[in-house]
Amino acid sequence: MHGIDRGRVERSFHRGAGQYDQHTPVQQRVVQRLLERLSAELSQEPQRVLDIGCGTGQLLQQLAQHYPQAQLTGLDLAPNMLQQAAERLGNGAELLQGDAERLPGKDNRFDLVVSTSTFQWLEECATCFGEVRRVLEPGGLFCFALFGDGTLFELQNSWRGALQRNDRPVLEGGDGTHRFHTVDQVRQSLEQQGFMAVEVATEQELVWYPDLPQLLQAIKRIGAGTAHPQRGGGLGWRRVLHDMAALYRERYGTDLGVPASYQVIYGTGRR
């Protein structure tokens, strides 16, 4: 995976926090699917829970309803996301600004660590997973979901086609689109960090938009700017963007509009 500018990710989600919930149908479905997996994995109610990349607090709110006795902690990189979560949750959770690769707290602090739609913004998963194992108590559960390498393939393929059509070279490190983790990378990271009873599975999600500009605007509004193809300047690059839109419609458009595919990777592991 090419280098990810964590400062850019923070700024992007910080700006998008106010409109995030209006443009995240897939993320909201993922929260529900994760809760279903938790109910199947947990034999008793958790006592101390950490949500990494808690965003606007949707998952924490659901966890509070399912496990009313649990002490909830939410961590997010973007201050405005935490503000949205605070308005949603009140005093129902401890909210902390911080990095998924440097988790707060002492060793063995939590018996459950969860995360949805966050780890795709990490350069690699191993460092964060090691931190998760550190803060989990022995026997504690790690349950998460992230977007995998089939995500937004229509956008990536159309962008590459537009580059080729305009004789634009692919720069070293890739074509400027975001690189999502593979299932094998996620599983290997869990096993390398010493998790037991590792399970990794995938599901496909599809969202339809009236046209490509609305799809791109939705991606921008949720703060996920790093999923966009990188833009250049001048008339030449505007031609590339125009060709990308045309290719997207030609290859994937239907009477329903244009689709955006998401590969959701679900994973669990025990310390």
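Between Arg270 and Gln32, what length comes free when the chain is fully extended (0.36 nm per residue of separation minus the Cα-Cα distance, one decimal in nm)? Display every interim value, and only then the final one.
Details: separation 238, 0.36 × 238 = 85.68 nm, distance 2.11 nm.
Gain on stretching Arg270 to Gln32: 83.6 nm.
May I ask you to compute the full-extension gain from His242 to Gln164, defined as 0.36 nm times their residue separation minus their alpha-carbon distance, rounded to one decimal in nm? Don't skip to the answer; put the middle values down first.
Numbers: separation 78, 0.36 × 78 = 28.08 nm, distance 1.33 nm.
Length gained, His242 through Gln164: 26.8 nm.
Within a 10 angstrom radius of the beta carbon, how do Asp76, Asp211 rank from fewest other beta carbons to most?
Values: Asp76 29, Asp211 14.
Least to most surrounded, the residues fall as Asp211, Asp76.
Take every Cα pair under 8 Å in segment 70-142 that's 6+ residues apart, average their separations, divide by the length, and report that relative contact order as a whole percent. Walk me through the numbers on the way to the answer.
On the way: 81 pairs, mean separation 23.2, N = 73.
Once divided by the residue count of segment 70-142, the mean separation gives 32 percent.
Between Gln47 and Thr127, how high is the FRET efficiency from 1/(1 + (r/R0)^6) when r is the Cβ-Cβ distance and R₀ = 41 Å? Nearest 0.05.
On the way: r = 26 Å, r/R0 = 0.64.
Result of the calculation: an efficiency of 0.95.
Positive end of the dipole of segment 56-132, charges at C-beta (+1 Lys, Arg; -1 Asp, Glu), about the Cα centre: which of Ala100, Gln83, Cys128 has its Cα farthest in that direction?
Farthest towards the positive end: Gln83.
Exposure proxy check: Tyr67, Tyr262 ranked by fewest other beta carbons within 10 Å? It would help to have the intermediate numbers written out before the result.
Numbers: Tyr67 18, Tyr262 22.
In increasing order of surrounding Cβ atoms, one gets Tyr67, Tyr262.
For Thr182, Thr116, Thr254, Thr268, what's the fewest-to-most ordering of other Cβ within 10 Å of each Cβ?
Values: Thr182 15, Thr116 27, Thr254 9, Thr268 20.
Lowest to highest Cβ neighbour count: Thr254, Thr182, Thr268, Thr116.
Pull out the extension gain between Gln62 and Arg102, defined as 0.36 nm times the separation in residues minus the alpha carbon to alpha carbon distance; nm, one decimal.
Separation in residues times 0.36 nm, less the Cα-Cα distance, equals 11.9 nm.
Each value in this text was obtained by applying a stated rule to the coordinates, not by laboratory testing. The model shown is predicted, which means the values in this text are computed figures rather than measured ones. Methodologically, a virtual Cβ is constructed for each residue, glycine included, from the backbone with ideal geometry; neighbour enumeration extends over all protein chains shown.
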